[in-house]
1. Picking from 55, 11, 76, which is most flexible by a Gaussian network model of the chain using Cα springs under 10 Å?
2. When the helices in the chain are scored as -39500 (n - 2.57) per DSSP H run of 4 or longer and the sum is shared across all residues, what 222 nm value do you end up with, to the nearest 500 deg cm²/dmol?
3. In degrees, nearest 10, range 0 to 90: what is the angle between the Cα axis of helix 47-92 and the longest Cα principal axis of the chain?
4. Subtract the Cα-Cα distance of residue 21 and residue 90 from 0.36 nm times their separation in residues, and report this length gain in nm to one decimal.
5. Among 62-71, 83-92, how do they line up from the highest to the lowest mean number of other beta-carbon atoms within 10 Å?
6. Label-point separation (nm) for residue 60 and residue 6, each offset 7 Å from Cα along Cα-to-Cβ?
7. Which of these values of semi-axes √(5λ) of the Cα gyration tensor in Å was calculated from the structure shown: (1) 27, 13, 12; (2) 22, 13, 12; (3) 46, 10, 8?
8. With axes computed from alpha carbons, what is the tilt in degrees of helix 2-34 against the longest principal axis of the chain, rounded to the nearest 10 within 0 to 90?
């Protein structure tokens, strides 16, 4: 039974690491989004600003796949942890 406790602890540490990375990536994406302009008035001098905005949007969109993967991993780990915890409680009841 002690082996199961070690497994549960390892899963909890893994979940905490994945969730921490996820939160950091969400904060980073929010910071990038705060620099994004809603409306740009372009003229010949604003071409560089338009290019910067395109790059910023591309960086934000590029983050969506890793964020979705981390969300999935975090939820799956949490469900596995909850399942093990409930199973242990049921066995000890």
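No lab work stands behind these numbers, since they all come straight from the coordinates. In this text, all values refer to a predicted model and were calculated from it rather than measured experimentally. Cβ placement follows ideal geometry from the backbone for every residue including glycine, while neighbour counts extend to all protein chains displayed.
1. Of the options given, 55 has the highest mean-square fluctuation.
2. On the way: 2 runs with 79 residues, N = 93.
Result for the chain: -31500 deg cm²/dmol, rounded to the nearest 500.
3. The helix 47-92 is inclined about 10 degrees to the chain.
4. Working: separation 69, 0.36 × 69 = 24.84 nm, distance 3.25 nm.
In short, 21.6 nm is gained.
5. Values: 62-71: 13.0, 83-92: 10.7.
Ranking, from highest mean packing down: 62-71, 83-92.
6. 4.7
7. Label of the calculated value: (3).
8. Between helix and principal axis, roughly 10 degrees.
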